[in-house]
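Colleague: Once you've had a glance at the structure underneath, I'll fire off some questions.
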Amino acid sequence: MIDASADELPDRALGRRVGGAVLDMILLGALLFPFAAVLGQASARSGQISVHLEGSGTAGYTGLCLLYFVLCELLAGASVGKMLVGVRVATEEGGRPAPWQVIVRNLLRPIDFLPVVYLIGYLVAMASGPSRRQRIGDRVARTLVVPRSALGHPKGELAGGG
């Protein structure tokens, strides 16, 4: 676990984490229209955009979203949104997460997203305290979201991250 000298890192990263989630939702939302045009129904007229997915289309889009997060975090340690706001995923010890940790934290993402826009994830993160700020996926995978500047520093040195 990250030691006491770095306790505020997840709390300091929370606002940026929320900003990164908004950016990721915008990016993934932009993919929804073409995805629905192929596997569901999509229309744009009179300034209104409408998309409709059912069954396999919904499952496919959900899978695409999960694949986006898993691949980004495996390859870069962060989704595009997290990169843009300067945070990354780390183990509780401050290192890069193992592939299983990335997969687990993201497989639980749909639960954190319930009932709308990460409400459960946000409430769980707030309840986990300022030294953790973990959503359900992070708690199970034993990961944290911390400032990108903390990358590669031993746990005792993480507190210097911005």
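Colleague: For Ser56, only one of the following conditions fails: (1) modelled with pLDDT under 85; (2) open to solvent by 40 Å² or more (accessible area, probe 1.4 Å). What is its number?
Modeller: The one condition Ser56 does not meet is (1).
Colleague: Please go through (1) of a type in the set (Asp, Glu); (2) open to solvent by less than 60 Å² (accessible area, probe 1.4 Å); (3) touching a residue at least 40 places away in the same chain (Cβ under 8 Å) for Asp112 and return the number of the only condition it doesn't satisfy.
Modeller: That leaves (3) as the condition not met.
Colleague: Considering only residues of segment 125-138 that are assigned to a helix (DSSP H, G or I) and open to solvent by 40 Å² or more (accessible area, probe 1.4 Å), which is nearest to Leu64 (Cα to Cα)? Before the answer, list the steps.
Modeller: Initial filter on segment 125-138 (assigned to a helix (DSSP H, G or I)): 125-127, 136-138.
Subset that is open to solvent by 40 Å² or more (accessible area, probe 1.4 Å): 126-127, 136.
Values: Met126: 28, Ala127: 30, Ile136: 21 Å.
Only one residue fits best here, namely Ile136.
Colleague: I would also like to ask the following. Consider Leu84 carefully, then state whether it is modelled with pLDDT of 90 or more, part of a helix (DSSP H, G or I) and either in contact with a Pro (Cβ under 8 Å, 6 or more places away or on another chain) or open to solvent by 30 Å² or more (accessible area, probe 1.4 Å) (or both).
Modeller: Considered against the rule, which asks whether it is modelled with pLDDT of 90 or more, part of a helix (DSSP H, G or I) and either in contact with a Pro (Cβ under 8 Å, 6 or more places away or on another chain) or open to solvent by 30 Å² or more (accessible area, probe 1.4 Å) (or both), Leu84 comes out as yes.
The values are calculated or read from the model by the stated rules, or taken from the named source; none is laboratory data. Predicted model only: the values in this text are computed from it and were never measured. No Cβ is skipped: glycine too gets one built from the backbone with ideal geometry, and neighbour counts run over all protein chains shown. Keep in mind that these areas ignore ligands, DNA and RNA; they rest on the heavy atoms of the full protein, side chains included. Shrake-Rupley method; radii C 1.70, N 1.55, O 1.52, S 1.80 Å.
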